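Scroll down for the structure; my scribbles are underneath it.
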Ligand code: ATP
């Protein structure tokens, strides 16, 4: 199985890394982290696309289970997951089990994503729990209906099909966000142990997140 974790990674932190690693083990999957160039759903990132990719590569260096995929940064225009998945589906073929992993916070807004129902035709969705995220009862009815129809109990059941199911994956998620990391750095507080040391060195060297946009 190939599982994707898209995001801004502004910057990558241990919440992403632990979630990706837990999911890789639970799903027995190769996990690819895909930084978005122009996230359609949110304010623009503070670090440049190149810097976010650098940080991802630094954090993942030496990992065999997790890798960075820069296809969205190489594509013109906004980063829509549906386009990324269509591209991957062409490369991997119709039978490869492909999953898009989404944090529970992001999944609560999934029914507003560009061509969200097409996404479900191209890949499975694996929802990673995240502290503080909305729960099922807060999801829109259209999303609840899709989850009810496509719900899958475990990774073994997910592997039986190439796409189209939704798995709620219970991982021990850490209450860390890139927003809190950026805020701490802007205040001059230490984020050591929340962000890998080599990434922190890069942040310092590039003068990123010092308060005010653009570092
Ligand atoms: P920001 O605070 O800037 O919104 P973020 O920490 O949520 O950033 P993103 O790059 O937006 O990071 O996250 C990419 C993906 O990883 C999203 O699906 C998000 O839900 C998930 N994710 C981020 N942090 C965690 C975490 N601590 N535990 C589980 N999933 C996470």
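No lab work stands behind these numbers, since they all come straight from the coordinates. Not measured: the values here are computed from a predicted model. A quick note on method: Cβ atoms are made from the backbone with ideal geometry, for glycine too, and the neighbour counts reach across all protein chains shown.
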Query - Principal axis dimensions, segment 71-186 - Cα atoms, whole angstrom, descending - result: 45, 36, 26
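Packing-wise, with mean Cβ within 10 Å as the measure, how do 101-109, 86-94 rank, highest first? Please report the intermediate quantities before stating the final value.
Details: 101-109: 20.6, 86-94: 12.8.
By packing density, highest mean first, the sequence is 101-109, 86-94.
Given N residues in segment 1-84, what is Rg(Cα) / (2.2 N^0.38 Å)?
On the way: Rg = 12.3 Å, N = 84, 2.2 N^0.38 = 11.8 Å.
In units of the globular-protein estimate, segment 1-84 measures up at 1.04.
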Report summary line: Binned at 5 Å starting from 0, the alpha-carbon pair-distance distribution of segment 93-152 in whole percents comes out as 4, 17, 29, 28, 14, 5, 2, 0
Query raised in the report: Order of 188-200, 6-18 by packing, highest average Cβ count within 10 Å first?
Result: 6-18, 188-200
Report summary line: With Cα coordinates, the longest principal axis of the chain makes an angle with the long axis of helix 14-27, in degrees rounded to 10, of 30 degrees
Query raised in the report: Can you tell me the Rg and Dmax of segment 47-123, counting just the alpha carbons, in angstroms?
Result: 13.9, 37
Report summary line: Note on segment 76-119: alpha-carbon gyration tensor, axes a ≥ b ≥ c; rule is a/c under 1.5 for rounded, else prolate if a/b larger than b/c, else oblate; result oblate
Report summary line: Longest principal axis of the chain (C-alpha) makes with the long axis of helix 197-206 (C-alpha) an angle, in degrees to the nearest 10, of 60 degrees
Query raised in the report: Mind checking the angle between helix 178-187 and the chain's longest principal axis? C-alpha axes, 0 to 90 degrees, to the nearest 10.
Result: 10 degrees
Query raised in the report: Rounded to the nearest whole Å³, what is the per residue volume of the convex hull around the Cα atoms of the chain?
Result: 118 Å³
Report summary line: Percent antiparallel among DSSP beta bridges confined to segment 2-174, rounded to 5, stands at 0 percent
Query raised in the report: In whole Å, how far is the Cα centre of segment 49-97 from that of segment 104-165?
Result: 20 Å
Requested in this report: Would you please put 74-84, 27-37, 145-155 in order of how densely packed they are, using the mean number of other Cβ atoms within 10 angstrom per residue and starting with the highest?
Outcome: 27-37, 74-84, 145-155
